[in-house]
Amino acid sequence: MGLKALFTGITLGTAMILALWYYEMQIYFGFKVAVAATLLLYLLVPVLFRFSPFIQRHLVFLPFVRWPYGVNFSDPESEGLEGGRNFYLEPEADSTIGVWHFLPKSEIEKSRNQPEDFWDESLRNSGKHIIIYMHGNSGSRAGEHRKELYKILQNEDFHLVTFDYRGYADSKQIPPSETTTVQDGLFVYKWVRSILGPEPTGIHVFVWGHSLGTGVSSHVVSKLCVEGDPPSAIILESPFTSIGEEVKNHMLSALWRHMPFFDSLFVHPLKANDLGFETDKRISTIDIPILILHAVDDPVVPFFLGEKVRFNSIS
């Protein structure tokens, strides 16, 4: 009995030692994982962002988020949109952008079985005002919330022209930047002006930008104001002062916002890599009416950034 008890005691003791060792190893492994995750979050991610224009561009524009899927851009009616046509413009050689043009509600019935020239004639001669819409990041001109807006504006009897920047949807697949998106916006505006012709028609052209599109549209309109060919007004929906300030105040930057050198790691590279979108500076040269729309509870672009844009526009 004594030997059996001794053997049992040795076995149990060994088992306890092994269990404690395994438990300590698990704690040690968990500690290593926690340290590695911390280093990844607080060191590797900022460094990768700082030195990779590719990552910066994709996080600003989100061109890879292609929702909804399976869109037939050549047939807007298949997306539940009446009175529309699809066509392509070429801001640069061999570089196209996909465009939709929707007729005002009062013109839709007249367009049945009409050749495509009807849309140009309606744009020029219907007497209805025109909105050029510049969308925000991700998705395409066929985004669900964007289509809902098109229907509202169409029912208000506006012509609506909207497009996808190069890098999105069925437009030319190039890396987008502030320069290319502004070029696209300018080209669409000047195309509309070319259809209207040089003579005054009494038709107003409005430029409407949403979210990232406010950075594009404010830059476009500031250039047009300097050139002496501005639209009648600009509408900024959920604007921000600059992409750097938007990044600093975005909910996803909360982990790094209070780090030393945050601006050097996350903000300054954006401007250096043609992603600045400095609406607060552009708006000082805009001398036409400005309408700002911004939800107080906007979870993406904080409301106070829209307030700052408003303050800069009147100061």
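The values are calculated or read from the model by the stated rules, or taken from the named source; none is laboratory data. Being a predicted model, the structure only gives us computed values, none of them experimental. Using ideal geometry, Cβ is built from the backbone for each residue, glycine included, and neighbour counts are taken over all protein chains shown. Accessible surface areas use protein heavy atoms only, side chains included; no ligands, DNA or RNA. Shrake-Rupley method; radii C 1.70, N 1.55, O 1.52, S 1.80 Å.
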- Query: Has segment 253-264 got at least one residue that is under 16 Å from the mean Cα position of the chain (by Cα), of a type outside the set (D, E, K, R) and open to solvent by 60 Å² or more (accessible area, probe 1.4 Å)?
  - Reply: no
- Can you confirm whether segment 122-130 contains a residue that is among the aliphatic types (A, V, I, L, M) and either under 30 Å from THR201 (Cα atoms) or out of contact with any Gly (no Cβ under 8 Å at 6 or more places or on another chain) (or both)? yes
- Given (1) of a type in the set (A, V, I, L, M); (2) surrounded by fewer than 16 Cβ atoms within 10 Å (Cβ to Cβ); (3) part of a loop (DSSP other than H, G, I, E, B), VAL301 misses just (2)
- Residue pairs qualifying under the 7 Å Cβ cut-off, at least six apart or on distinct chains, with the first in segment 62-85 being free of Cβ contacts under 8 Å to residues at least 40 places away in the same chain and the second being among the hydroxyl-bearing types (Ser, Thr, Tyr) and open to solvent by 30 Å² or more (accessible area, probe 1.4 Å), are ASN72/SER78
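Looking at SER211, SER232, which is the one that is polar (S, T, N, Q), within 18 Å of the chain's Cα centre (by Cα), open to solvent by 10 Å² or more (accessible area, probe 1.4 Å) and closer than 25 Å to ASP280 by Cα?
That would be SER211, the only listed residue that is polar (S, T, N, Q), within 18 Å of the chain's Cα centre (by Cα), open to solvent by 10 Å² or more (accessible area, probe 1.4 Å) and closer than 25 Å to ASP280 by Cα.
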- How do the pairs read when you match residues in segment 216-235 that are under 15 Å from GLY136 (Cβ atoms) and part of a helix (DSSP H, G or I) with residues anywhere that are aromatic (Phe, Trp, Tyr) and open to solvent by 20 Å² or more (accessible area, probe 1.4 Å), using Cβ under 9 Å and keeping only pairs 6 or more apart or on different chains? SER217/TRP208
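The rows are residues; the columns are (1) at positive phi; (2) over 16 Å from the mean Cα position of the chain (by Cα); (3) modelled with pLDDT of 95 or more; (4) open to solvent by less than 50 Å² (accessible area, probe 1.4 Å).
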{"position": "PRO46", "(1), (2), (3), (4)": "no, yes, no, yes"}
{"position": "ARG50", "(1), (2), (3), (4)": "no, yes, no, no"}
{"position": "PHE64", "(1), (2), (3), (4)": "no, no, no, no"}
{"position": "GLY70", "(1), (2), (3), (4)": "yes, yes, no, no"}
{"position": "SER74", "(1), (2), (3), (4)": "no, yes, yes, no"}
{"position": "GLU79", "(1), (2), (3), (4)": "no, yes, yes, yes"}
{"position": "PHE87", "(1), (2), (3), (4)": "no, yes, yes, yes"}
{"position": "GLU90", "(1), (2), (3), (4)": "no, yes, yes, no"}
{"position": "THR96", "(1), (2), (3), (4)": "no, yes, yes, yes"}
